[in-house]
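Peer 1: The structure is given below, and queries will be raised subsequently.
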Amino acid sequence: MSLEIRQQLRRGDFQLHVETCLPARGVTAIFGPSGCGKTTLLRAIAGLEPRVRGRIRLGDATWQDEGHFLPPHERPLGYVFQHAVLFPHLSVRGNLDFAQRRRGDGPGPGFDEVVALAGIGHLLRRDTANLSGGERQRVALARALLTAPRLLLLDEPLAALDRQAKAELMPCLERLHESLSIPVLYVSHAIDEVARLADQLLLLAAGRVVACGPLAEMLTRLDLAPAGSEEALAVIEATVSGRDADFHLTRLAFAGGGEGRELWLPGDSLPTGRRVRLAVHARDVSLTLQPPRQSSILNIIPVRVDALSPSGPAQVMVRLRAADVPLLARVTRKSEAALGLHVGQALFAQVKSVSLVE
Amino acid sequence: MLTDADLSALLITLKLATLTTLILLLIGTPLAWWLARSQWRGKPVIEAVVALPLVLPPTVLGFYLLILLGANGPLGEHSLAFTFSGLVIGSVFYSLPFVVQPLQGAFAAINRGYIEAAATLRASPRDTFFAVVVPLARPGFLTATVLGFAHTVGEFGVVLMIGGNIPGQTQVLSIAIYEHVENLEYAQAHWISGGLLLLSFSLLLVVYGLNRRFRVVGP
């Protein structure tokens with residue numbers, strides 16, 4: 001199943017012109033700077049921007065086409081707004097019932113399942129005015145899921161939250177990702193959120209699609225915004241392949257990494273065979289021509305230079321490939337000269353820090 | 001104390017005010033909703049027409065209604081002048097802004113986000129109106145009901161013009177007072193005036209009392 005989007009809107013100086021076709025599975029992050037049209041695009045998909053022209057199809061269902069505009073309440077989607085928008089005249093339970101009563105006949109998650117997933121069982125009797133920001137968003141998420149949506153739209157659900165509330169909501173979104181097979185469009189301008197949650201990335205700038213594709217590729221393309229940011233990072237899908245009980249380390253084999261490509265991570269609580277996602281920041285990767293014999297760094301991976309691009313006056317961003325898996329390293333231009341870095345060169349990446357993101 | 005004529009004037013007044021308020025809530029709600037949401041360029045014209053009874057001398061409104069509803073008007077022999085029905089029609093026009101304006105204000109104050117959220121939760125516009133808009137605008141409905149009722153009880157000029165002063169049919173309290181004073185029956189005038197004063201004060205006290213909790217009127 002896929003989601004076909006062709007949308008055009010002109011509003012003052014702003015122009016939205018999006019033509020793309022996304023696989024309708026997993027989480028697709030719509031990423032871009034403020035004002036690039038992310039939220040407008042999401043609202044257009046939901047039918048909340050009646051002046052947008054174009055076409056929207058989800059699988060076989062046409063939501064919008066020439067002379068045809070399905071009103072928002074007839075589109076089987078769930079929408080979580082940036083500010084939750086819980087109905088103030090209803091309790092938490094009342095808000096959930098509002099959605100549950102109006103869902104169609106199609107299959108969807110049950111009340112108890114959704115309440116457990118959002119972790120809001122203890123809030124059901126509460127008034128919505130007395131909820132914290134994180135609690136409000138979890139109720140809003142549960143409410144959206146109870147409509148049994150075929151597509152879930154999340155508009156920066158974390159943006160208005162403080163650190164604590166983010167830490168509460170994030171695991172909830174990850175459980176959602178694991179346990180429900182509803183495709184999700186997730187609007188965000190924070191690269192760390194995207195790295196944790198997304199499978200695909202749709203990059204938007206000034207109302208247009210800049211690029212769209214699998215997360216690992218999009219994050220490491222040197223011509224795109226994420227690799228140009230201070231927080232530039234690569235993600236690696238890996239499987240727990242063993243552990244070192246003496247030193248409390250977990251061994252991770254990464255998919256497509258080829259023979260002998262593995263990483264060690266502190267801690268030994270993960271079961272063997274478990275699939276995990278790792279984040280490696282460009283600033284934590286250094287390069288060396290020879291594998292060091294004596295080093296405190298555990299993770300040293302044979303790689304090949306794939307591309308180079310200047311990153312400020314003193315530094316250069318290097319895209320590497322460990323077999324098929326792309327990585328980023330930010331090094332100084334002086335080091336670039338000293339190592340004679342060039343495309344195709346084989347060398348070793350020393351990964352100072354790997355973090356588990358999922 | 002009150003004469004039989006006064007008692008029937010009281011009943012007519014209450015019947016008139018209740019009926020007028022009910023009709024105004026039925027007409028005024030969709031009108032106020034439309035005024036609160038419409039982007040139509042001609043909207044100020046409708047708003048001005050709705051507000052006219054606020055500034056127009058009631059006798060002017062009554063005069064035109066008399067022409068319109070009278071025997072020489074388009075209704076001809078089905079004339080509604082000097083009937084209770086005529087009174088109701090006159091009162092509906094006269095009290096229209098007192099019902100429409102609080103409702104329009106209450107509707108306009110509702111965050112669009114709630115209406116959009118309801119739509120994404122599969123609520124049709126009609127469903128949204130009754131399940132979200134009406135409960136959120138409840139203070140506005142309370143104000144509209146109380147003001148519409150109280151204002152109808154207090155009208156004089158329009159009623160006099162279009163209803164005449166037929167005891168038992170179109171004589172309402174405000175006109176009964178006028179007649180008592182004309183006949184120098186000050187005791188009766190006192191009773192009715194005092195009663196109306198108390199009623200009006202109590203109604204407003206209810207509005208402003210609830211306003212403290214719910215914000216019924218004001219910015």
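Peer 1: Just need a number here: residues in region B:60-99 that are in a loop (DSSP other than H, G, I, E, B) and open to solvent by less than 20 Å² (accessible area, probe 1.4 Å). Please lay out each step first, then the result.
Peer 2: Initial filter on region B:60-99 (in a loop (DSSP other than H, G, I, E, B)): B:70-75, B:79-83.
Retained after the next criterion (residues that are open to solvent by less than 20 Å² (accessible area, probe 1.4 Å)): B:70, B:73, B:81.
Adding up the residues that qualify gives 3.
Peer 1: Next question. Considering each of A:E178, A:E217 in turn, give the residue that is loosely packed, with under 15 Cβ neighbours inside 10 Å and without any contact (Cβ under 8 Å) to a residue 12 or more places away in the chain.
Peer 2: Working: A:E217 fails: without any contact (Cβ under 8 Å) to a residue 12 or more places away in the chain.
Every option except A:E178 fails the conditions.
Peer 1: Return the residues of region B:1-59 that are of a type in the set (D, E, K, R) and more than 30 Å from B:H190 (Cα to Cα); say none if nothing qualifies. Break it down stepwise before answering.
Peer 2: Narrowing region B:1-59 to residues of a type in the set (D, E, K, R): B:4, B:6, B:15, B:37, B:41, B:43, B:47.
Answer for region B:1-59, where residues must be of a type in the set (D, E, K, R) and more than 30 Å from B:H190 (Cα to Cα): B:R37, B:R41, B:K43, B:E47.
Peer 1: Which numbered condition in (1) in the same structural domain as A:A24 (by TED's automatic domain parsing); (2) more than 23 Å from A:Q350 (Cβ to Cβ); (3) not polar (S, T, N, Q) is the only one that A:A216 fails?
Peer 2: (2)
Peer 1: Which numbered condition trips up A:L201, out of (1) of a type in the set (A, V, I, L, M, F, W, C); (2) assigned by TED's automatic domain parsing to the domain that holds A:L9; (3) open to solvent by 70 Å² or more (accessible area, probe 1.4 Å)?
Peer 2: (3) is the only condition that A:L201 fails.
Peer 1: Considering only residues that are under 19 Å from the mean Cα position of the chain (by Cα) and small (G, A, S), look in region B:37-59 and name the one that is surrounded by the fewest Cβ atoms within 10 Å (Cβ to Cβ). Steps first, please.
Peer 2: Going residue by residue through region B:37-59, those that are under 19 Å from the mean Cα position of the chain (by Cα) are B:46-59.
Of the ones still in play, those that are also small (G, A, S) are B:48, B:51.
Working: B:A48: 10, B:A51: 14.
Restricting to residues being under 19 Å from the mean Cα position of the chain (by Cα) and small (G, A, S), the top hit is B:A48.
Peer 1: So which of B:G105, B:G113 ends up being over 28 Å from B:T18 (Cα atoms), out of contact with any Asp or Glu (no Cβ under 6 Å at 6 or more places or on another chain) and either more than 10 Å from chain A (Cβ to nearest Cβ) or surrounded by fewer than 20 Cβ atoms within 10 Å (Cβ to Cβ) (or both)? Lay out the reasoning, then the answer.
Peer 2: Values: B:G105 fails: over 28 Å from B:T18 (Cα atoms).
Exactly one of B:G105, B:G113 is over 28 Å from B:T18 (Cα atoms), out of contact with any Asp or Glu (no Cβ under 6 Å at 6 or more places or on another chain) and either more than 10 Å from chain A (Cβ to nearest Cβ) or surrounded by fewer than 20 Cβ atoms within 10 Å (Cβ to Cβ) (or both), namely B:G113.
Peer 1: Does region A:298-311 hold any residues that are touching a residue at least 24 places away in the same chain (Cβ under 8 Å) and exposed (fewer than 13 other Cβ atoms within 10 Å of the Cβ), and which are they? Show your work before the answer.
Peer 2: If we filter region A:298-311 for residues that are touching a residue at least 24 places away in the same chain (Cβ under 8 Å), which is where we start, we get A:298-309, A:311.
Across region A:298-311, there are no qualifying residues.
Peer 1: Look through region A:125-150, keep the residues that are under 17 Å from A:E168 (Cα atoms) and outside any helix (DSSP H, G or I), and return whichever of them is least open to solvent (accessible area, probe 1.4 Å).
Peer 2: Per the stated criteria, the residue is A:L131.
Peer 1: Could you look through region A:99-112, keep only residues that are modelled with pLDDT under 90 and under 28 Å from the mean Cα position of the chain (by Cα), and pick out the one that is most open to solvent (accessible area, probe 1.4 Å)? Step through it out loud before you land on a result.
Peer 2: Here is the first cut: in region A:99-112, the residues modelled with pLDDT under 90 are A:103-110.
Okay, now just the ones that are also under 28 Å from the mean Cα position of the chain (by Cα), so A:103, A:106-110.
Working: A:R103: 50, A:G106: 42, A:P107: 128, A:G108: 41, A:P109: 12, A:G110: 32 Å².
The residue in question is A:P107.
Peer 1: Return the residue satisfying two criteria in turn: it lies in region A:54-96 and is part of a helix (DSSP H, G or I) and open to solvent by 40 Å² or more (accessible area, probe 1.4 Å), and of such residues it is nearest to the other protein chains (Cβ to nearest Cβ). First the steps, then the outcome.
Peer 2: Initial filter on region A:54-96 (part of a helix (DSSP H, G or I)): A:72-74, A:92-96.
With open to solvent by 40 Å² or more (accessible area, probe 1.4 Å) added as a condition, the list becomes A:74, A:93.
On the way: A:E74: 8, A:R93: 15 Å.
Once the filter is applied, the top-ranked residue is A:E74.
Peer 1: Another one. So, of the residues in region A:318-351 that are modelled with pLDDT under 90 and more than 22 Å from the chain's Cα centre (by Cα), which turns out to be least open to solvent (accessible area, probe 1.4 Å)?
Peer 2: Among those that are modelled with pLDDT under 90 and more than 22 Å from the chain's Cα centre (by Cα), it is A:A322.
Peer 1: Does A:V80 count as in contact with a helix residue (DSSP H, G or I) (Cβ under 9 Å, 6 or more places away or on another chain) and either hydroxyl-bearing (S, T, Y) or within 14 Å of A:L151 (Cβ to Cβ) (or both)? I'd like the intermediate steps shown before the answer.
Peer 2: Numbers: in contact with a helix residue (DSSP H, G or I) (Cβ under 9 Å, 6 or more places away or on another chain): yes; either hydroxyl-bearing (S, T, Y) or within 14 Å of A:L151 (Cβ to Cβ) (or both): yes.
Against the criterion (in contact with a helix residue (DSSP H, G or I) (Cβ under 9 Å, 6 or more places away or on another chain) and either hydroxyl-bearing (S, T, Y) or within 14 Å of A:L151 (Cβ to Cβ) (or both)), A:V80 qualifies.
Peer 1: Among the residues in region A:14-34, are any without any contact (Cβ under 8 Å) to a residue 12 or more places away in the chain and either more than 14 Å from every other protein chain (Cβ to nearest Cβ) or open to solvent by 10 Å² or more (accessible area, probe 1.4 Å) (or both)?
Peer 2: Within region A:14-34, the subset without any contact (Cβ under 8 Å) to a residue 12 or more places away in the chain is none.
Looking through region A:14-34, none of the residues is without any contact (Cβ under 8 Å) to a residue 12 or more places away in the chain and either more than 14 Å from every other protein chain (Cβ to nearest Cβ) or open to solvent by 10 Å² or more (accessible area, probe 1.4 Å) (or both).
Peer 1: Just checking, how many residues over region A:178-224 are in a strand (DSSP E or B) and either among the aliphatic types (A, V, I, L, M) or under 16 Å from A:T28 (Cβ atoms) (or both)? Please lay out each step first, then the result.
Peer 2: Pass one, region A:178-224, residues in a strand (DSSP E or B): A:184-188, A:200-205, A:208-214.
Within this subset, residues satisfying the condition of being either among the aliphatic types (A, V, I, L, M) or under 16 Å from A:T28 (Cβ atoms) (or both) are A:184-188, A:200-205, A:209-214.
The qualifying residues number 17.
Peer 1: Somewhere in region A:263-286, is a residue outside the structural domain of A:A195 (by TED's automatic domain parsing), out of contact with any helix residue (DSSP H, G or I) (no Cβ under 9 Å at 6 or more places or on another chain) and among the acidic types (D, E)?
Peer 2: Just the residues of region A:263-286 that are outside the structural domain of A:A195 (by TED's automatic domain parsing), to begin with: A:263-286.
From what's left, out of contact with any helix residue (DSSP H, G or I) (no Cβ under 9 Å at 6 or more places or on another chain): A:263-276, A:278, A:280-281, A:283-285.
Subset that is among the acidic types (D, E): A:268, A:284.
Yes, there is a match, as at least one residue in region A:263-286 is outside the structural domain of A:A195 (by TED's automatic domain parsing), out of contact with any helix residue (DSSP H, G or I) (no Cβ under 9 Å at 6 or more places or on another chain) and among the acidic types (D, E).
Peer 1: Another question, if that's okay. Return the pairs, sorted by first residue and then second, in which the second residue is among the acidic types (D, E) and not in a strand (DSSP E or B), the first residue lies in region A:232-245 and is farther than 21 Å from A:S309 by Cα, the beta carbons are less than 7 Å apart, and the residues are 6+ apart or on different chains.
Peer 2: A:R243/A:D268; A:A245/A:D268
Peer 1: Of all residues in region A:225-247, which are open to solvent by less than 10 Å² (accessible area, probe 1.4 Å) and part of a loop (DSSP other than H, G, I, E, B)?
Peer 2: Across region A:225-247, the qualifying residue is only A:A232.
Peer 1: Considering each of B:F156, B:F129 in turn, give the residue that is surrounded by fewer than 19 Cβ atoms within 10 Å (Cβ to Cβ), within 27 Å of A:E74 (Cβ to Cβ) and touching a residue at least 12 places away in the same chain (Cβ under 8 Å).
Peer 2: From the options B:F156, B:F129, the qualifying one is B:F129.
Peer 1: Could you pull out the residue among A:L154, A:L169 that is part of a helix (DSSP H, G or I), more than 11 Å from every other protein chain (Cβ to nearest Cβ) and of a type outside the set (S, T, N, Q)?
Peer 2: Working: A:L154 fails: part of a helix (DSSP H, G or I).
Testing whether each residue is part of a helix (DSSP H, G or I), more than 11 Å from every other protein chain (Cβ to nearest Cβ) and of a type outside the set (S, T, N, Q) leaves just A:L169.
Peer 1: Answer yes or no as to whether A:E156 is acidic (D, E), under 12 Å from the mean Cα position of the chain (by Cα) and either open to solvent by 10 Å² or more (accessible area, probe 1.4 Å) or outside the structural domain of A:P23 (by TED's automatic domain parsing) (or both). Can you show your working first?
Peer 2: Working: acidic (D, E): yes; under 12 Å from the mean Cα position of the chain (by Cα): yes; either open to solvent by 10 Å² or more (accessible area, probe 1.4 Å) or outside the structural domain of A:P23 (by TED's automatic domain parsing) (or both): yes.
Against the criterion (acidic (D, E), under 12 Å from the mean Cα position of the chain (by Cα) and either open to solvent by 10 Å² or more (accessible area, probe 1.4 Å) or outside the structural domain of A:P23 (by TED's automatic domain parsing) (or both)), A:E156 qualifies.
Peer 1: While we're here: Pick from region B:132-153 the residues that are touching a Phe, Trp or Tyr at 6+ places or on another chain (Cβ under 7 Å) and within 12 Å of another protein chain (Cβ to nearest Cβ): which of them is most open to solvent (accessible area, probe 1.4 Å)?
Peer 2: Here the residue is B:L136.
The values are calculated or read from the model by the stated rules, or taken from the named source; none is laboratory data. If you're wondering where the values come from, they're calculated on a predicted model, not measured in any experiment. Reconstructed Cβ throughout: ideal geometry from the backbone, glycine too, with neighbour counts over all protein chains shown. Ligands, DNA and RNA are excluded from the accessible area calculation, which covers all protein heavy atoms including side chains. Shrake-Rupley method; radii C 1.70, N 1.55, O 1.52, S 1.80 Å.
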